[in-house]
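Throughout, read-outs are computed from the coordinates displayed, never taken from laboratory work. Since this is a predicted model, take the numbers as computed values, not measurements. So basically every Cβ, Gly included, is an ideal-geometry build from the backbone, and we count neighbours across all protein chains shown.
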Amino acid sequence: MGTPAGEGVRFESEGPELRSVVARAVRADPQAWELLYRRSYSRLFAYARRRLPSDTAADDAVSETMLRALDRIPSFTWQGAGFDAWLYGIARNVVLETYRSDGRARPTAEVAEHLSDHADGPLDRLVRRDSHVEVRRAFSELSPEDQEVLELRVVAGLSAEGVAEATGRAAGAVRMAQSRALQRLRGHYEKVTRGD
Amino acid sequence: MATDDELMAVLATALHGDDREPPADRVASLRAAATARTVSPPTVATFPSPRTSGARRLAMVAAAVAAAVVALVAGAAAFDRDEPSEADLLAGGVLEFETRLEAPEDAATAIATATGIRTGIGRIVQVRTDDLAILPAGEFYEVWFVGPGDTPEAPNRISAGTFHPDEDGRSAIDLTAAVDPARYPRLSVTAEPGDGEPRATGTEVLAADIEVLGG
């Protein structure tokens, strides 16, 4: 019973395989829910971990996201921006509620520091001399709003319509926000590589 | 980095963390929560508020499911203690009818078998099929004995019971019915919405005429 540990779950973003699993999930099929959890976990965890103070808090947020998805799946339709956008919309609200229930808002500087430190340890920073390190550092300089739109587009793989649905904005506004965020990212990246 | 697409591609690689597996206990709790929905729809008392933290909420749901299972098993054991078993009834019964149910012409192909065993308490109707879809939580299939002249406006049918397929899509159910198949000579299976309406309001998915053996 259940998917063996370590067995990756890969299926095309919104293809027929995902649709089949979601159809089973609507009927509360436990195996379907396990597949969806395993499929979405890495990306949701990364999204939550960039915004919450610990691995445990991120795991709590992802668990809560999946449980709310189970509650709400009867109202999900494919007429929106797709399943991933719907799921990220739930995750986003869970993370925001965690901030509010903690009684504090995370200041931009704290988020930036966490983002730049989280992905690499000191040894990684010493030995890795590729552009990824500089890009991550430049990314950490962006505002939370810029970070979110880029993360949902490139890491979560959502379309502009998907980001719009997840964040409650218009698709056109998302595209414009993405363009500006990339412009600012490019500016920060140039500063980082110059050593400013 | 020349273009936005190239920058996005590098960013995607830079931000993509290691592939991770979710904690096994969290997966198990989500599965338990899903299973609980196939048993019965959620109630306020059963499922904690979304405001409860994720780990605690999953743990509370899993505990509620476990408690419900224990109660069901205890109740079933108490019920069976002083009553003849179904096996005893079947062993002492007489084959009354056997029929093959099929889907209406314009519906997806599905078949089932139904066997009626007359016993001292009526008859046990055994329905077997692997062809029925798993319905959304709260909905169910219902077996009817249908009499002459039955219409939605003027129903002439008696329910023999309700069921839903197991998680593998198999239905192997035994229903007890005191209905005389000679007076209600047609079996029908409908997919009901679970809205509390006792009349048949759902779609017929399987049906067959009953020919009582031995006249």
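Counted residue by residue at 0.36 nm each, then reduced by the alpha carbon distance between them, the extension gain from B:Ile111 to B:Leu213 reaches 34.6 nm.
When the trypsin sites (Lys or Arg not before Pro) in segment B:170-215 are filtered for DSSP coil states and for at most 15 other beta-carbon atoms within 10 Å of their beta-carbon, the remaining sites are B:Arg170, B:Arg183, B:Arg199.
Listed from fewest to most Cβ neighbours within 10 Å, the set B:Ser188, A:Ser179, A:Ser159 follows the order A:Ser179, A:Ser159, B:Ser188.
The calculated FRET efficiency for B:Glu21 paired with A:Asn93, based on their beta-carbon distance and R0 = 35 Å, is about 0.90. Going from the fewest other Cβ atoms within 10 Å to the most, the residues B:Thr203, B:Thr151, B:Thr162 appear in the order B:Thr151, B:Thr203, B:Thr162.
When a footprinting reagent is the concern and you count Cβ atoms within 10 Å, what order do A:Trp78, A:Trp86, A:Trp33 take, fewest first?
With the sparsest Cβ surroundings first, the list reads A:Trp78, A:Trp86, A:Trp33.
Working from label points 7 Å from Cα in the Cα-to-Cβ sense, the A:Arg184 to B:Ala12 distance is 2.3 nm.
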